[in-house]
Amino acid sequence: MSVQIEIPNSPRKQRVTNWEKYGWLYMRISGPLLIVLIFTHVFVNLFTGEGIKQIDFAFVAGKWADPFWQWWDVSMLWLALIHGTLGMRTIINDYTEKPKLRTSLVGTLWSVSGALILLGTLVVFTFDPCPATADPNLLPSFCEAIASN
Amino acid sequence: MSEVKEIAEIPSFTVTLSIRRFDPEKSEEASWEEFQVEMHSTDRVLDALHKIKWEQDGSLTFRRSCAHGVCGSDAVRINGRNRLACKTLIKDLDINSTITVEPIKGLPVEKDLVVDMNPFYQAYKDINPFLLANDKPEKERLQSPEDRARYDDTTKCILCAACTTSCPVFWTDGQYFGPAAIVNAHRFIFDSRDEQADLRLDILNDKEGVWRCRTTFNCTEACPRGIEVTKAIAEVKQAILRGKP
């Protein structure tokens with residue numbers, strides 16, 4: 001007589017896609033990228049030219065007049081904020097036990113992060129390096145040429 | 001004769017053990033209790049626990065079965081580190097200060113050093129810890145030594161829970177599968193005779209799966225069998241990314 005053995009586990013249902021894998025991958029890819037972006041940023045700002053003394057409005061305005069540095073800084077902003085938000089999300093998930101509190105904290109975190117990304121991007125791309133009412137001594141050198149035209 | 005006797009004598013010393021006691025019938029709070037025992041340099045922490053139970057306080061509760069590092073019953077937290085009481089020689093610890101012994105963390109304590117292992121076993125069951133193959137086993141399933149070596153390390157697991165209960169992620173809410181379940185999934189995922197690696201990879205590609213691992217290496221340090229647990233978890237992560245073992 002053969003023995004009928006029950007199927008030990010019911011067939012597994014396909015779940016909805018979860019983003020954990022992509023979050024993990026994002027952390028691994030953005031990490032090395034951020035090291036390059038941030039250390040180059042620090043080197044260019046603090047070690048080249050006149051070093052730390054060169055940093056003023058004119059210096060920043062001069063950099064943001066160049067699309068290369070605009071994209072550089074925006075990349076840093078997006079990568080770092082999303083990287084940091086994912087890290088904070090991990091901490092929230094670790095330390096909150098109540099599902100509602102967890103959802104609201106993670107929701108707040110992404111909202112704040114989203115607002116910062118939006119505002120930061122807006123500032124970098126709409127930045128006016130030569131405001132009309134500012135003291136000309138504080139502005140980048142190319143403002144004079146623009147003003148005389 | 002006296003000379004021979006002196007040589008044969010095993011040196012002994014007194015050690016103080018501070019044991020985390022918990023009896024739900026007496027108090028809702030756990031507390032530390034100190035015991036002094038005379039031990040030899042060949043004795044293990046399990047011998048000290050036995051000595052306390054047999055000679056000082058019969059109510060001291062702990063699990064042990066084989067007492068030789070094979071069954072994995074007596075994983076406890078000794079001086080803040082998860083170890084098997086039967087594999088830890090007292091002389092290897094700092095005998096000049098108190099030795100602390102407490103239950104492994106992250107699982108509900110039932111009494112003294114005994115914890116409820118069911119959540120741990122549930123995670124183990126969830127990864128289908130058995131060979132899954134479609135064909136009927138009419139003849140033996142052959143495997144090359146190279147294919148066998150692929151998962152050799154993870155066959156050594158004795159399910160003592162030392163790794164899982166040393167994991168800070170498991171301590172948080174106990175929802176994480178935990179290193180032991182992943183190690184045992186690894187044992188079948190990389191087994192050339194098994195045909196359901198995809199299923200196990202899908203199970204571990206979960207919200208509470210391998211992605212919660214923070215590579216703190218606590219599990220690797222805790223494993224009394226010397227399994228490279230964190231490496232095994234990393235290999236499962238790589239397999240999920242590849243989509244195959």
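The values are calculated or read from the model by the stated rules, or taken from the named source; none is laboratory data. Keep in mind the model is a prediction, meaning the values are calculated, not measured. When we count neighbours, we look across all protein chains shown, and the Cβ atoms used for this are built from the backbone with ideal geometry, even at glycine. What goes into the accessible areas is simple: the full protein's heavy atoms, side chains included, and nothing from ligands, DNA or RNA. Shrake-Rupley method; radii C 1.70, N 1.55, O 1.52, S 1.80 Å.
Using a Gaussian network model on chain B with a 10 Å cutoff between Cα atoms, which of B:Thr172, B:Thr98, B:Thr230 fluctuates the most?
In the Gaussian network model the winner is B:Thr172.
With 10 Å bins from zero, work out the P(r) of region B:12-115 over every alpha carbon pair and list the percent per bin.
16, 52, 29, 3
Please check: in the Gaussian network model of chain B (C-alpha springs, under 10 Å), which one of B:Glu25, B:Glu195, B:Glu208 has the largest mean-square fluctuation.
Comparing B:Glu25, B:Glu195, B:Glu208 in a Gaussian network model of chain B, the most mobile one is B:Glu25.
Along region A:123-140, what does the Karplus equation 6.51 cos²θ - 1.76 cosθ + 1.60 (θ = phi - 60°) give for ³J(HN,Hα), rounded to whole Hz, x for Gly and Pro?
In residue order, the calculated couplings are 4, 4, 8, 10, 5, 9, x, 10, x, 4, 8, 7, 5, x, 5, 8, 9, x Hz.
Excluding same-chain residues fewer than 8 positions from B:Lys87, which lysines have a Cα within less than 18 Å of its Cα?
Cα-Cα hits under 18 Å: B:Lys51, B:Lys156.
From other protein chains only, count the Cβ atoms within 10 Å of every residue's Cβ in B:204-214, then give the mean.
On the way: counts 0, 5, 4, 5, 3, 3, 3, 10, 5, 1, 2.
Averaged over the peptide's residues, the number is 4.
For region A:24-41, what does the Karplus curve 6.51 cos²θ - 1.76 cosθ + 1.60, with θ = phi - 60°, yield as ³J(HN,Hα) per residue in whole Hz, taken in order and with x for Gly and Pro?
For region A:24-41, the Karplus curve yields 5, 4, 4, 4, 5, 7, 5, x, x, 4, 5, 4, 5, 4, 6, 5, 5, 4 Hz.
Of A:Val124, A:Val74, A:Ile92, whose Cα points farthest to the positive end of the dipole of region A:19-127 (charges on the beta-carbon: +1 Lys, Arg; -1 Asp, Glu; origin at the Cα centre)?
A:Ile92
Hey, in the GNM for chain A with a 10 angstrom Cα cutoff, which one of A:Pro99, A:Pro32, A:Pro136 fluctuates hardest?
Result: A:Pro99 has the largest fluctuation of those listed.
Sorting check: for B:84-91, B:128-135, which peptide has the highest mean count of neighbouring beta carbons within 10 Å, and how do the rest follow? Mind dumping the intermediate values first?
Working: B:84-91: 20.6, B:128-135: 12.8.
Descending mean neighbour count gives B:84-91, B:128-135.
Could you please state, rounded to a whole Å, how far the C-alpha centre of region A:70-149 is from the C-alpha centre of region B:9-31?
Centre-to-centre (Cα) distance: 55 Å.
With solvent modelled as a 1.4 Å probe, how much accessible area in total do chains A and B shield from it at their shared surface, in Å² to the nearest 100? Walk me through the intermediate numbers first.
On the way: alone 11610 and 13260 Å², together 23310 Å².
About 1600 Å² of accessible surface is lost on pairing.
Which ³J(HN,Hα) values in Hz, rounded to whole numbers, follow from the phi angles of region B:221-227 under the Karplus curve 6.51 cos²θ - 1.76 cosθ + 1.60, where θ = phi - 60° and Gly and Pro get x?
For region B:221-227, the Karplus-derived couplings read 5, 7, 4, x, 9, x, 6 Hz, x marking Gly and Pro.
Rounded to the nearest 20 debye, what is the charge dipole size of chain A about its Cα centre when +1 sits on each Lys and Arg Cβ and -1 on each Asp and Glu Cβ? Walk me through the numbers on the way to the answer.
Numbers: 11 positive and 11 negative charges, 211 e Å.
Around 1020 debye, computed over chain A.
Other chains' Cβ within 10 Å of B:234-240 residues: what's the mean? Write down the numbers at each step before the final one.
Details: counts 0, 0, 0, 4, 0, 0, 3.
The per-residue average across the peptide is 1.
Calculate the translational D of region B:118-242 in whole µm² s⁻¹ from Stokes-Einstein, where the hydrodynamic radius comes from the Kirkwood formula applied to all Cα pairs, the temperature is 10 °C and the viscosity 1.306 mPa s. List each step's numbers first, then the result.
Working: Rh = 14.7 Å.
Answer, rounded: 108 µm²/s.
Looking at chain B, I'd like the Rg to Rh ratio, where Rg is from alpha-carbon atoms and Rh is Kirkwood's inverse mean 1/r. Walk me through the intermediate numbers first.
Values: Rg = 21.1 Å, Rh = 19.8 Å.
Taking Rg over the Kirkwood Rh, I get 1.06.
Quick one: of A:Lys98/B:Lys207; B:Lys26/B:Lys125; B:Lys139/B:Lys231, which pairs are farther than 28 Å apart, Cα to Cα? All intermediate terms of the calculation are to be shown ahead of the outcome.
Working: A:Lys98/B:Lys207 16 Å; B:Lys26/B:Lys125 34 Å; B:Lys139/B:Lys231 34 Å.
Too far apart for the 28 Å limit: B:Lys26/B:Lys125; B:Lys139/B:Lys231.
Assign unit charges at the C-beta atoms only (+1 for Lys and Arg, -1 for Asp and Glu), then state the dipole size of the protein assembly as shown relative to its Cα centre in Debye, rounded to the nearest 20.
Values: 45 positive and 51 negative charges, 204 e Å.
Using only the charged Cβ atoms, the result is roughly 980 debye.
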